[in-house]
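Q: Attaching a single structure in structure tokens format; questions to follow.
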Amino acid sequence: PGIGADIVRGFATACSENAVALIGGETAEMPGLYAMDDYDLAGTIVGVVERDRIIDGSRVEAGDVLIGLPSTGLHTNGYSLARKVLLEDLTVDSRPDALEGQSVGEALLAVHRSYLGAIQAVLPMSGLNGLAHITGGGIPGNISRVVRGGLRAEVDYAAWSRPPIFRLIQDMGGVPESDMRRTFNLGIGLVIVVSKSVSDDAFDRLKDLGERPVSLGNVVVE
């Protein structure tokens, strides 16, 4: 009961903070399928948008600016590789120097932040051309979904400092840079694509919210 209450409380808090209605749920008990004290938790958010307000990347053009917003950790992708690399020699309670005081468990379970406020800040802008949530596939795999054929995103991977958890995974596992880029967000959780003419305004709006936007690069002709 205590764990169930904590889960529902967490859902309710997150929904309240992001103006989402919590309209239902189901708890299924399946003895024999899950081990004792194991849980499988899933949630779905459904939204509605007017067709003429859909941001699908169709307006992205060469010269557009890529703005990155920091992630808080792994978010929702790369856990299989992270566990394989880290938990062979460490435990969730280990505090390697590379994590700067955090335990492995704390770093892996860092809460996936919300980008609602940031998106609402730039949504009214006429030059907002694309939004890419960096999930499976990393930065290249997700930006490519909003950049149409004939164009590509030119990303400067040295433009920001990667959080310690990603550096630790790469160092301990000897993971090639190409695999890191395809598997993890590497510290950037959302990419906003805007026209160059409004990029300064976009940066100002985001900074006014306390965000730390990063200039990642540009859209170029392929």
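The values are calculated or read from the model by the stated rules, or taken from the named source; none is laboratory data. Being a predicted model, the structure only gives us computed values, none of them experimental. All Cβ positions, even for glycine, are placed from backbone atoms using ideal geometry, and neighbour counts span all protein chains on display.
Q: Among the residues of segment 39-82, write down those that are within 17 Å of the chain's Cα centre (by Cα) and without any contact (Cβ under 8 Å) to a residue 40 or more places away in the chain.
A: Of everything in segment 39-82, those that are within 17 Å of the chain's Cα centre (by Cα) and without any contact (Cβ under 8 Å) to a residue 40 or more places away in the chain turn out to be Gly43, Thr44, Ile45, Tyr79, Ser80.
Q: Here are some residues: Ala110, Ala132, Ala121, Ala62. Which one is at pLDDT 95 or above, surrounded by 12 or more Cβ atoms within 10 Å (Cβ to Cβ) and over 28 Å from Arg148 (Cβ atoms)? Before the answer, list the steps.
A: Working: Ala132 fails: over 28 Å from Arg148 (Cβ atoms); Ala121 fails: over 28 Å from Arg148 (Cβ atoms); Ala62 fails: over 28 Å from Arg148 (Cβ atoms).
Criteria check complete, one pass: Ala110.
Q: Another question about this same structure. Within segment 75-90, count every residue that is in contact with a His (Cβ under 8 Å, 6 or more places away or on another chain) and in a helix (DSSP H, G or I). So that I can check it myself, show each step before the final result.
A: First, the residues of segment 75-90 that are in contact with a His (Cβ under 8 Å, 6 or more places away or on another chain): 75-76.
Next, from what is left, pick out any that are in a helix (DSSP H, G or I): none.
Here the count works out to 0.
Q: Can you name the residue in segment 3-26 that is outside any helix (DSSP H, G or I) and of a type outside the set (A, V, I, L, M, F, W, C) and is also nearest to the chain's Cα centre (by Cα) among such residues? Break it down into steps so the answer makes sense when it comes.
A: So the first thing to find is which residues in segment 3-26 are outside any helix (DSSP H, G or I), and the list is 18-26.
From what is left, the residues that are of a type outside the set (A, V, I, L, M, F, W, C) are 18, 24-26.
On the way: Asn18: 16, Gly24: 26, Gly25: 25, Glu26: 27 Å.
Top of the filtered list is Asn18.
Q: Given the structure, is Gly173 touching a residue at least 24 places away in the same chain (Cβ under 8 Å), under 27 Å from Asp56 (Cβ atoms) and either of a type in the set (Gly, Ala, Ser) or in contact with an Asp or Glu (Cβ under 8 Å, 6 or more places away or on another chain) (or both)?
A: Values: touching a residue at least 24 places away in the same chain (Cβ under 8 Å): yes; under 27 Å from Asp56 (Cβ atoms): no; either of a type in the set (Gly, Ala, Ser) or in contact with an Asp or Glu (Cβ under 8 Å, 6 or more places away or on another chain) (or both): yes.
Criteria not met by Gly173.
Q: Scan segment 69-109 for residues that are in contact with a Pro (Cβ under 8 Å, 6 or more places away or on another chain) and more than 21 Å from Trp160 (Cβ to Cβ) and jot them down.
A: Leu90, Val104
Q: Moving on. Which of the residues belonging to segment 179-202 are in contact with a strand residue (DSSP E or B) (Cβ under 7 Å, 6 or more places away or on another chain) and of a type in the set (A, V, I, L, M, F, W, C)? Break it down into steps so the answer makes sense when it comes.
A: Filtering segment 179-202 for residues in contact with a strand residue (DSSP E or B) (Cβ under 7 Å, 6 or more places away or on another chain) gives 187-196, 199, 202.
Scanning segment 179-202 gives Ile188, Leu190, Val191, Ile192, Val193, Val194, Ala202.
Q: From the residues in segment 194-214 that are in contact with a helix residue (DSSP H, G or I) (Cβ under 8 Å, 6 or more places away or on another chain) and either of a type in the set (Gly, Ala, Ser) or crowded, with 18+ Cβ neighbours inside 10 Å (or both), which one is nearest to Gly127 (Cα to Cα)?
A: The qualifying residue nearest to Gly127 (Cα to Cα) is Val194.
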